[in-house]
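The values are calculated or read from the model by the stated rules, or taken from the named source; none is laboratory data. Every value quoted in this text rests on a predicted model; they were computed, and no experiment measured them. When we count neighbours, we look across all protein chains shown, and the Cβ atoms used for this are built from the backbone with ideal geometry, even at glycine. Just the protein is used for accessible areas: all its heavy atoms, side chains included, with ligands, DNA and RNA removed. Shrake-Rupley method; radii C 1.70, N 1.55, O 1.52, S 1.80 Å.
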Amino acid sequence: MKHDPGKLREKVLFSVVAGFLYVLAGSIQFVLSIGAMFDINSVNSLGNSALGFLFIPSDFMGSLVLVLIGSIFFYGLMELRNGFNEGIAYVYVGIIISLIFATVYMLVLAGNWMESCLLNDPEITGWSFIDDFRPAIYLGILSLCGYILWKKDFRNMNK
Amino acid sequence: MCAGEMKIEKIRVALTGNPNVGKTTLFNVITGSRQHVGNWPGVTVEKKSGFKQYKGYEIEVVDLPGTYSLTAYSLDEIVARDFIVDERPDVVVQIVDATNIERNLYLTTQLMELGSKMIIALNMYDLAEERGDKLHVTKMEKILSMPVVLTIASKNIGMSELLDTVITEKQKVKHHGREIGYGDEIESRIIEIEKVLSQDKDLTSRYPLRWLAVRLLDGDENILRKIAGSSVATQIKTILTSLDIEEYEAMMADKRYEVISAVFPQMCERCMTRMTTSDMVDRVMTNKYLGIPIFLALMWAAFELTFSFATPFMTIVERIFVWLGEISAAYIRPEWLASLVGEGIIGGVGSVFSFIPNIFILFFLLSMLEDSGYLARAAFIVDRVMYKIGLQGKSFIPMLLGFGCNVPAIMATRSIEDRMDRMATIMVVPFISCGARLPIYILFAGTFFSENAGTVIFCIYLLGILVAVGSAKLLRTTALKGHPAPFILELPPYRIPNLNTSIRHMWDNGSMYIQKAGTIILGGSVVIWLLAALPWGVEYGSEQTFIGLLGHAIQPLMEPLGFDWKLSVSLLFGFVAKEIVVASMGVLYGVGDDQIALTDSLLADPHLSQLTALSLMVFSLLYMPCIAAVGIIKKETGSWKWTAFSVAYGLAVAWLLAFAVFHGGKMFI
Amino acid sequence: MVENTLNNLQPGEKARIVKVLAKGTVRRKLMDMGLVPGSEIEVIRTAPLGDPIEFRIKGYSLSIRKQEAVNIVVDTVA
Ligand SMILES: Nc1nc2c(ncn2[C@@H]2O[C@H](COP(=O)(O)OP(=O)(O)OP(=O)(O)O)[C@@H](O)[C@H]2O)c(=O)[nH]1
Ligand SMILES: [Mg+2]
């Protein structure tokens, strides 16, 4: 089992970046969700203002998912560093799970968007795009790139 | 005689083979049926027939549960074995997984001895080729002396070849088939037993002698029972008791595999084991640290889709029914008819209909889960926990299926070999929250816990699992006491779920829900409306109506849980089907001409609070699932006692926990 | 030849089955599924919670618990 070292390096790099971003976004979201849960004002205002541009919601379970995805990438990194080729499987699964969640949240977004268009009801049209736009979605773009780039490698992981 | 009068010839074909080799997929494409397919062993638990007109023949195809051997261990395997052995179909087609020929041939060696006309369908050869295997079909035909047809059932490839072969095989006079030799010692025993058996002419006319002898030496209790009435029964018994049957069994299994490994390399080149992508993925999915978090995350994804994604669709369906209600109130005369249509039908059925999006998504996701191969992994991951509560990993599969509907979940327990394990699993499946209960949670959690509805519903689901787990432990230490049975499970490779299969599964189950809404729920709603409108003269839905009287009669029982007469009566009707709880709320709180949504009228009722809502959800989760589930419990346990226990136990647990929630909650508020 | 029982093998280790000591239907079922003397068996992994174990035998994956694996005698010199 030998791998093109250049391609392996790409995946190591990808794991570092993706792992870091997911864990970071997950941690911020975790703090924000704790803030919302216990009504800690300073935390809440932080989420609304300073970090507003990251579109991070205060969703507790979602934050754990982001951290988990990051951990999968980091775990793969460990295996890749130790010279195990199987590390690629972690990159693959990490990408798949992040894509699953990106799809889930995109569907939720699309559903709400459709509702607000269709019903045109002031009570519901309080919804706006950024309400449902979140890290799990835009970080998914990164994963999608990885997936497209290495689709072949993943299918023939064993070879 | 002219050609047009020619009688259509009938051929009866049995599809048999190891579990999860694609028998049902093949059955579906040939007969155009829509039987349940999934990537885990033990999907099919009953035999199913379908018909195909082909080249002037009427071919009856029978799909059987999978089995590894003719010695049956579980109920589904018994069904498969009995059909092949007793009903003697015209042609037996064994579906063989082309990526796993060696083990699949074990069953072939046993089937060959039966002397039936046999064909091998070498299925999934797309996967074998992708893996780089080289299959030698003609060599295989020669070695096994039976036709071998390559098929890819999931892509409808090789079906007409298979049917053609079935027809030519049927035409052949001689039953062919090669038998394997078991070595001197066993062969001499076989001859000895054959001699004795040949004295009973009735027996020999029904079964091949050698096969009977082999099965007897193989310790097959089913065959022992079959010859029990024979004149030679005692003689056979004496021979068998003089032998160490367990040793013989082992020697014969050994011999079969020995023969297979001798010929196998001639049939398939490079068919050795190799790491595949599936194995690599599995390393991550069952990783020591990540395995369980990944499992939970996937469950969470499913949960998010079933609720958050479905919400907008729900609102739209709801809007449509509110609009229909307005129309009926405005245009339908006389007034009582408008009330029947508005309050009874639209209020009742409409409130159930709005949950169709959730139900569809739920079934779609369950099907994806089944088809990906992850379901068996989930059983592997949680076996340790299941063992602690006295069950085994296989019990987890029916429990997960129970989130869709309890009825098929209870049937799925048939693949659990151990009777005690199976009984305990049947008893706890009803606590798993099925799709029909979901409308209740969405209505009440959505109304009373708007912001935290998701969390509340998640907790209710969790409670169902905890009660199931606790009850299993309780049963396994009392009424069903015993050691947990061993866990022996094949783990299928991962596959990318087939979108068509999932959509079809979603559609079939979803339309069943719609049908139910259009029949049982509609009927129930009309009955409730009548009870709420009669006797004439009193105010609709007031305490003087029949339903009010009924509600008051049972209310003392439910009072301690915080339920008023309306809730009590709804729960009573919920015995039929859980959706009726919601439907009757719709009828009783009249959404028809008020033009306000059910949620608003619920909020306006002073009897209802967050606590009653919680208590109601807990009660609905745990008490008897529905008439259909009780029926299937009776059928599967075969005992009225256990059925009664299941209902009574469910009611007791529901009452106690709802009580605890209601009064415990009061202390905090 | 080094005799051992299946539960003592580490993931990745291969061995040849010598004997199945289990009794009754369990033994029978295991043998039906291919755990016959002479078969090569490889340990793939243990489940996250430490039990059961996944094996590869006759080209497919089978999982059984440690307590059943104790009864399977193997020879580890391949
Ligand atoms: N790639 C591929 N997949 C197939 C083929 N035939 C069936 N499958 C898949 O194999 C899995 C098992 O199919 P089923 O038809 O449920 O198998 P079964 O033999 O009826 O299984 P049991 O009822 O559990 O004994 C499903 O996920 C199918 O989609 C095939 O020819 N090629
Ligand atoms: Mg099937």
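Summary of values
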{"item": "Probe 1.4 Å, protein heavy atoms only - accessible area per residue of the protein assembly as shown in square angstrom", "result": "41"}
{"item": "Solvent-accessible surface ranking, highest first, for C:E54, B:E87, B:E187 at 1.4 angstrom", "result": "B:E87, B:E187, C:E54"}
{"item": "Förster radius 51 Å - calculated FRET efficiency between C:E13 and B:Q171 (Cβ-Cβ, nearest 0.05)", "result": "0.45"}
{"item": "Solvent-accessible surface (1.4 angstrom probe) belonging to B:D218, in square angstrom, nearest 10", "result": "10"}
{"item": "Spacing of the two label points (7 Å from each Cα toward its C-beta) at B:W507 and B:V137, in nm", "result": "3.1"}
{"item": "Relative contact order, percent, region B:22-90 [alpha-carbon distance under 8 Å, six or more residues apart]", "result": "25"}
{"item": "Beta bridges per DSSP with both ends in chain B, % antiparallel, nearest 5", "result": "30"}
{"item": "Accessible area buried between chains C and B, both sides summed, probe 1.4 Å, in Å² to nearest 100", "result": "3600"}
{"item": "At R0 = 45 Å, FRET efficiency that the Cβ-Cβ distance of B:I554 and A:Y138 yields, to 0.05", "result": "0.25"}
{"item": "Shielding by partners - mean other protein chain Cβ count within 10 Å, residues of A:90-99", "result": "3"}
{"item": "Extension reserve of the C:T76-C:N4 stretch, reckoned as 0.36 nm per residue once the Cα distance is removed", "result": "25.2 nm"}
{"item": "Cβ neighbours within 10 Å from other chains - mean over B:292-305", "result": "5"}
{"item": "Length-normalised contact order of region B:244-354 in % [C-alpha pairs under 8 Å, at least 6 apart]", "result": "17"}
{"item": "Drop in accessible area of at least 10 Å² in the complex versus isolated chain, residues of region C:3-33, 1.4 Å probe", "result": "C:K23, C:G24, C:T25, C:V26, C:R27, C:R28, C:K29, C:L30, C:M31, C:D32, C:M33"}
{"item": "Fraction of accessible area attributable to carbon and sulfur, the protein assembly as shown (%, probe 1.4 Å)", "result": "63"}
{"item": "Cross-link table B:K7/B:K52; B:K23/B:K155; B:K47/C:K58; B:K134/B:K170, entries beyond 23 Å C-alpha to C-alpha", "result": "B:K47/C:K58; B:K134/B:K170"}
{"item": "Shielding by partners - mean other protein chain Cβ count within 10 Å, residues of B:254-262", "result": "3"}
{"item": "For region B:524-596, average projected area of the Cα convex hull in nm²", "result": "4.9"}
{"item": "Largest-first ordering by accessible area, 1.4 Å probe, given options B:W655, B:W536", "result": "B:W536, B:W655"}
{"item": "Computed accessible area, B:H663, all protein chains, 1.4 angstrom probe, square angstrom", "result": "60"}
{"item": "Estimated translational D of the protein assembly as shown in µm²/s (Stokes, Kirkwood radius over Cα pairs; 37 °C; 0.692 mPa s)", "result": "108"}
{"item": "DSSP bridge pairs, region B:9-171: antiparallel proportion in percent, nearest 5", "result": "25"}
{"item": "Accessible heavy-atom area order of B:Y331, A:Y75, highest first, probe of 1.4 Å", "result": "B:Y331, A:Y75"}
{"item": "Orientation-averaged projected area, Cα convex hull of chain B (nm²)", "result": "36.7"}
{"item": "Contact order relative to length of region B:578-669, as percent, for alpha carbon pairs under 8 angstrom and 6 or more apart", "result": "31"}
{"item": "Inter-probe distance in nm under a simple model that places probes 7 Å from Cα toward Cβ, at B:N156 and B:A644", "result": "5.3"}
{"item": "Directionally averaged shadow of region B:9-171, computed from the convex hull of its alpha-carbon atoms, nm²", "result": "8.6"}
{"item": "Over region C:3-75: Kirkwood hydrodynamic radius from C-alpha pairwise inverse distances, Å", "result": "11.8"}
{"item": "FRET efficiency estimate (nearest 0.05) - Cβ-Cβ, B:W536 to B:E46, R0 56 angstrom", "result": "0.65"}
{"item": "Per residue convex hull volume, Cα atoms of region B:427-573, in Å³", "result": "192"}
{"item": "Nitroxide proxy distance, nm - points 7 Å out along Cα→Cβ at B:L499 and B:I8", "result": "3.7"}
{"item": "Region B:63-78 - phi-based ³J(HN,Hα) in whole Hz, Karplus 6.51/-1.76/1.60, Gly and Pro as x", "result": "8, 10, x, x, 8, 7, 7, 6, 7, 9, 10, 10, 4, 5, 5, 4"}
